[in-house]
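Participant: This is the structure I want to talk about, given as structure tokens.
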Amino acid sequence: MSKLQREGIWNTVISYAGIAIGYVNTILLFPNFLDESQVGLTRLMLTISVMFAQFSALGFVNTSVRYFPYFRDKGRRHHGFLFLLLAVPLLGFAVATGLYLLFKPAVVDYYQHNSPLILQYYYYIIPLALFTLLFNMFTAYLRSLYKTIVSSFVQDFLLRILTTLLISVYALGGMEFRQFVLLYVIINSAGALVLLVYTIWLKQLFLRPSLAGLRIIPFREMFYYGIFTFFGNISTTIITTVDQVMISSYSLSANGIYTTAFFMTSAILVPAKSIIKIAYPQVADFWKDADMAGMEKLYKNVTMVNLIVGLLLFTGIWANIDNLYSFMPETYRAGKYVVLFLSIARIVDLATSLNGAILATSDKYRWDLGFNIVLAALTIWTNFYFIPRYGINGAAFASMLSYSLMNLARLFFVQAVYKIQPFTWGAAKLVLVAAIALAAAYLLPFLGNVFLDMAVRSLLITLLYGGLSIGFKVYPAMNVWLRQQLYSLTGWRI
């Protein structure tokens, strides 16, 4: 088993364990022990901190992936690369903090009428954004070292289990809401400290600057690349967060309902996130070695693995959507079609797989910036148009439209320029298999008990989806792997 496969499997296991905990938090705990506006507040704080951190990073997350292979030399402390990776974003954070304080009056005007609760916690976002930035930079550094499991564990599992404990204590009356928010910020800031300790344990914390290292790749070139990818990252951040920012200006309660539906679809992207953490630096190595054959093979394999798992999860979520909402207060059911629109967006994201990583690490990265800027503008416009008319469903539709156009544009560009694309006939077969499994689930009547219905419906989908996928050989490598596993366990050959 290759290192990519091992890391991918562990990341996937951790991510799904985290998703299970996240579903407990999102479906059972937050909606039932906080009101909708309080749920909306906690989600908006995280969203703003992510935007804050992206502005501060100045594109240096991508710089690590692209240029670290040239600096990699542990004996020479990677030529001071970590110092550059942290110093420039921290300078950016100082500038971003100044702007955040300067524009507070505009933020107050935007939120004070419909969502004044966020203004009570305005300054809490600054430390949360700082530690989000540090977490992102250490994650990028560790990813370049092919060390992704701990960062996945922290982000996808540890922080969520700590949140479960926090909301449980709050539900038992152990604290007031202001104390809850403070501890919520502390928990979501702790991940950066864990990665710092892990980096020290790996003996890879090299903070001493090295002027000699700048002879490998001139700082001007890295900074120029970072600025280009900075604008690309900002555009992507706008695409992924503007909906929550705008919904919250109308109502924090609506944001609570919207983000709950948003999280329900997050399981679909787990395979992509887990694999791309390892595949991203491998793409950079393929560019370094000019290995386009290896790049295309990786492109196709990642797409198929993502789609196999992602379509199964989408089918299971949508077939059980009414069961899932039965665990929450009735007001949350308004997010049902948010789940559908966002799920479609995520499937498109899975289907186009590595195109973003391929473009971001190629010599055509400037084109990716153009795509992102145009589509960020489209996202803002569509949200301005659809949210006042259709509320949270309009926001979800706008996100679906923007995600789909962004990924399809990248897909066609990569195919036109580099003559590689991620699809095989197996992908078309897989869509048909998913449709058959979903239709069968719809034909099954409600069984009278939510838990029994979810179990039987999910089992039916899994058996149909798995059996047809194997029978149609949608991904021959999966059939080969299954035969090998069957032989190793039973000694049978088929």
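Each reported figure results from applying straightforward, stated rules to the coordinates on display, with no laboratory input. Keep in mind that what you see is a predicted model, and the values were worked out from it rather than measured. Here Cβ is always computed from backbone atoms with ideal geometry, including for glycine, and neighbour counts include all displayed protein chains.
Participant: Find the relative contact order for the chain and round it to a whole percent, using C-alpha pairs within less than 8 Å whose residues are 6+ positions apart.
Facilitator: On the way: 642 pairs, mean separation 102.5, N = 494.
Over the chain, the number comes to 21 percent.
Participant: Let me ask something else about it. Provide the gained length on full extension for the span Leu378 to Tyr122, in nm with one decimal, where the gain is 0.36 nm per separating residue minus the Cα-Cα distance.
Facilitator: Result: 89.3 nm gained on full extension.
Participant: A further question follows. For a distance above 31 Å, tell me the whole-number percent of Cα pairs in region 3-423 that qualify. List each step's numbers first, then the result.
Facilitator: Details: 33046 of 88410 pairs.
Everything past 31 Å amounts to 37 percent.
Participant: If you take the charge dipole of the chain about its Cα centre, with +1 on Lys and Arg Cβ and -1 on Asp and Glu Cβ, which of Phe131, Pro116, Phe83 is farthest toward its positive end?
Facilitator: Value computed over the given set: Phe83.
Participant: Determine, from the Cβ-Cβ distance of Leu90 and Tyr146 and an R0 of 22 Å, the FRET efficiency 1/(1 + (r/R0)^6), rounded to the nearest 0.05.
Facilitator: Details: r = 25 Å, r/R0 = 1.14.
Taking R0 as 22 Å, the efficiency between Leu90 and Tyr146 is 0.30.
Participant: What is the extension gain from Thr424 to Val450, computed as 0.36 nm multiplied by their sequence separation minus the C-alpha to C-alpha distance, in nm to one decimal? Can you show the working numbers first?
Facilitator: Values: separation 26, 0.36 × 26 = 9.36 nm, distance 3.81 nm.
Between Thr424 and Val450, full extension yields an extra 5.5 nm.
Participant: Dipole magnitude of the chain about its Cα centre, charges +1 at Lys/Arg Cβ and -1 at Asp/Glu Cβ only, in debye to the nearest 20?
Facilitator: Values: 35 positive and 19 negative charges, 303 e Å.
In debye, rounded to 20, the chain gives about 1460.
Participant: Okay, moving on. Which ³J(HN,Hα) values, rounded to whole Hz and listed in residue order, are derived for region 402-416 from phi using the Karplus coefficients 6.51, -1.76 and 1.60 in 6.51 cos²θ - 1.76 cosθ + 1.60 with θ = phi - 60°, glycine and proline given as x?
Facilitator: 5, 4, 5, 5, 4, 6, 5, 4, 5, 4, 5, 5, 4, 5, 5
Participant: Tell me the label-point distance for the pair Met175, Phe472, using the 7 Å Cα-to-Cβ offset, in nm and rounded to one decimal.
Facilitator: For Met175 paired with Phe472, the spin-label model returns 4.9 nm.
Participant: Return the calculated 222 nm mean residue ellipticity for the chain, to the nearest 500 deg cm²/dmol, obtained by summing -39500 (n - 2.57) across DSSP H runs with n ≥ 4 and dividing by the residue count. Let's see the in-between values first.
Facilitator: On the way: 22 runs with 386 residues, N = 494.
The helix contribution divided over the chain gives -26500 deg cm²/dmol.
Participant: Ranked highest first by average number of other Cβ atoms within 10 Å, how do 339-346, 181-188 line up? Could you put the intermediate results ahead of the total?
Facilitator: Working: 339-346: 22.4, 181-188: 18.4.
Averaged packing, sorted descending, gives the order 339-346, 181-188.
Participant: Please give, to one decimal in nm, the separation of the simple spin-label points placed at Tyr390 and Ile436, each 7 Å out from Cα toward the Cβ.
Facilitator: With each label point 7 Å from Cα toward Cβ, the separation is 3.2 nm.
Participant: Express in whole angstrom the spacing between the alpha-carbon centres of region 128-207 and region 448-484.
Facilitator: One Cα centre to the other: 35 Å.
Participant: Choose one of Met295, Gln155, Val50: the residue whose Cα lies farthest towards the positive end of the charge dipole of the chain (beta-carbon charges +1 Lys, Arg; -1 Asp, Glu; about the Cα centre).
Facilitator: Working it through, the farthest residue towards the positive pole turns out to be Met295.
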